[in-house]
Structure formats: C-alpha cells, structure tokens
Amino acid sequence: MASAPTINRQSDFPFEQLQKRTVKVLAAGQMMGGFGLGATLSVGALLAAEIIGAELSGLAATLSAMGAAAWAMPLANLAGKYGRRIALATGAALAISGAGLIVFSASIENSFLLMISLFLLGSATAVQLQARFAATDLPCKRATGRDLSIVVWATTVGAVVGPNMFGPGEWFGSLIGMPELTGPFAFTLLAQLISTSIFWFGLRPDPLIVARKEAGIEPRGKSVNFKAALEVIRKYPMAGYAVMTIALSHMVMVSVMSMTPVHLHSAGNDLTAVGFTISMHIAGMYAFAPLFGIMSDKVGTVKTVLLGQLIFLISLTISGFGQSDYWLVFIGLFFLGLGWSAATVAASALISEVVPTGERTKVQGFSDTLMNLAGAFGGAIAGVILVNFTFGGLNAAAFIPVVMIVIATSFSARWQK
C-alpha cells in the first residue's frame, strides 16, 4: 500500500509528550462538544416535526449535516493557514450561535430561522470530525488509529448524556420560560462555550503548526478547493477509497438514525424512551471507538472497514424486521452506531496513513464535506421513505450503500500496490 512519507526528525522537540497532551485537550473539548450533537440529533428532529411537519422532520438531520459539510472546508482552510486551535475554536463558537438561535426560532415558531439555526449548529459536527484528524498531526511513534479513536471516544460523554437531558432540560426550560422542547439547548450553549475555551487555551503549541515546521512546510497562503483535494486523491487512490467509505457509511447511519425518534414517538413511545434509544445509539458510535482504533492498527484498516459493513447488515436486519418492537429497534440502532464507528475510525486512520503531512488538511476537509453531504442526502430522503415505505423500508434502502462499500473493498488490493 502506498503510504505517506515519514518525517525524518532532526530536532529534539518532545513530540511524544506534546502528543499525549494534545490528545487529552482534544478529548476534553470533544466531551463538551458532544452535548450539541446529542441535542441536535434527537430534539432537533422533534422540533422540526412540530414546526415544519412530520414528513419533513428529516430536515433536522439534513440541515445539520449540510451545515457540517459547509463548514468543513473553511475550517480545514483555517487549520491549514493558522493551525488547529483557531479552526476548532471558531467552529465551536459558531455552534454557540446556532444553539441560541434554535431557542429563539422555536419561541416564534419560525421554520426558516429554525433551519438557519440547525445549519449553524452543524459546525459542532464539523469540529468533532476535524478534531479526530488533529490527533494524528504530530510525527510520533504513537499508533495513529488508537489516538484518533480516543478523540472519537471522548464524544461519548456529551453525546450520550445529551439526549438523556430531555427531562432535566425541559424542567429547567419551563422554569425560566423557554419554549417547549428547547430546554436541553441551554445545556448545549454552556457545553459549547466550555468546548471553545478548551480548544482556544489548550492547543498551545498547536500540533499542526509544530508538525508543519518540523517538515519544513510553510502555512498555505491561499484557500484550497475540491479540485486540489481530488488531485491529491488521484496520487493516493487508497485515500479515495477511505473518503468514499466514510461518506457512504455516514449516509447509512444518518438516514436510519434521523428517523428513529419520529418512528418511535409516532408509535407511542415517550420522550424518555426516545432519548434513551438515541443515547445508546450514540454510545455505539463512540464508546467502542478505541477498540476499532486498536483493531485498525493491529489487523488493518480495510479489514476493520469490512467489519463495520457486516455490523451494518446485522443492524439493518434487526431494526428493519423488528420495526414494531421497541427493543428490537433499540438493539438495531445500537449496532448501527457500532458499524459507523468501525468504518469511520478505520477509514479516517487510513487517510492519515496514506496522505503526506502537507496534503492532509486538503483531503480531510474534502472528506468531511462529502461525508456530511452524504448524510444530508440520507436525512433528506429518509423522511419520505419512512412515510411511504415504513421504517422497515427505510432500513432496506440503507442496504444499498453498504453493498457499494463491499464492492469497492474488493478492488482495494489493486490500489494498495
């Protein structure tokens, strides 16, 4: 497999020590940032269903994904020019404005402002995605997959706790006069503020700036675009395979997950049950990430990607055929998160392995953009499929991207040469 050239370090800079500190800072920021993710995925869908309509409730996930896609490349360009610290702190600050606008839009029941706010809050996802790559910037001996997965894992705390704050959030919201369903976003505002502070003050020295100086690479003077990213991918075809895997796996996850709260709520399950289901799904996405990171380092990234697709097949079968049973949907959604975790961690590590330091932010930004556009597409069509073909039909449709990844994997041996 073609791999990124290793850096021949000439300095005595303590890279290993800085890497450990960087991973801890990124993990702490991710813990707080996860609150925005959990609230958006669950409460956002219910707000959209109430204000816009059930058939268009998938717009919550769609607009959030579109926001993440739109912010991915600008944040990558910020990282390329000024380092990870400014890029991550800027993205977290945008999420604060989105959370505040959600509360205001719900108070006046304005669907347009709700869509804008969900778009802004998508920057929280863009930050979460870029942070995992920041864990692989420094040239050191620590395992790529493991460090990347630790940062992914850190999202578990906020993302799992977030949906379970429905009850306390609604109580707090009613206490201070917030609109119905918006109480949890008060916690989101506070968490994102803390996340911004952690990135801003904690990432000193900046890992990407240090890595570029060590490699003798000057900061980019101009912004990069998709064309520049595609040129890099043509030189490193396994990077293209990784980008495609991340995008299609995200499409599978978002399409099914985004409609699960609506499906369960319409079936008579209360908000506590819905929140518990989503929190366990997110636990599947993040809690076991270190396991898949270690597996990527030990047995290979491509094999771990295939494991993720197998888990997807199990998930879609269980939740599709068991759509009328709460616990079967619960189990299926948990496995959906596991499949996403295996595929995303492994494919992200693959990008960092095969693309050189000076070119990585180009491909990383492109990958995050494509990933979220795929998620936006999945969320957009999920509501229509749910209404017309039931939750079981939605799970059946999600088999298509899984099959596409498996077929592409069969060609990966050629690209590795």
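By count of other Cβ within 10 Å, fewest leading, how are W71, W171, W200, W153 ordered?
W171, W200, W153, W71
Highest mean first, how do 248-256, 368-376 rank when packing is the count of other Cβ atoms within 10 Å averaged over residues?
Going by the mean number of other Cβ atoms within 10 Å, highest first, we get 248-256, 368-376.
Please give the peptides 263-272, 318-327 ranked by average Cβ packing (other Cβ atoms within 10 Å per residue), highest first, as a rough proxy for protection.
Highest to lowest by the protection proxy: 318-327, 263-272.
Could you go through segment 314-326 in sequence order and give the Karplus-derived ³J(HN,Hα) for each residue, using 6.51 cos²θ - 1.76 cosθ + 1.60 with θ = phi - 60°, rounded to whole Hz, and x for Gly and Pro?
Taking θ as phi minus 60°, the curve returns 5, 4, 5, 5, 5, 6, x, 6, x, 4, 8, 10, 4 Hz for segment 314-326.
Longer than 30 Å from Cα to Cα, which of K81/K298; K20/K227; K24/K298; K235/K303 are they? Say none if no pair is.
Pairs exceeding the cut-off: K81/K298; K20/K227.
Mind sorting T196, T317 by how few other Cβ atoms lie within 10 Å of their own Cβ, fewest first?
Fewest to most other Cβ atoms nearby, the residues stand as T317, T196.
Rule-based calculations on the coordinates, nothing more; no lab input. All values reported here derive from a predicted model rather than from experimental measurement. In this analysis, Cβ positions are derived from the backbone assuming ideal geometry, glycine residues included, and neighbour counts consider all displayed protein chains.
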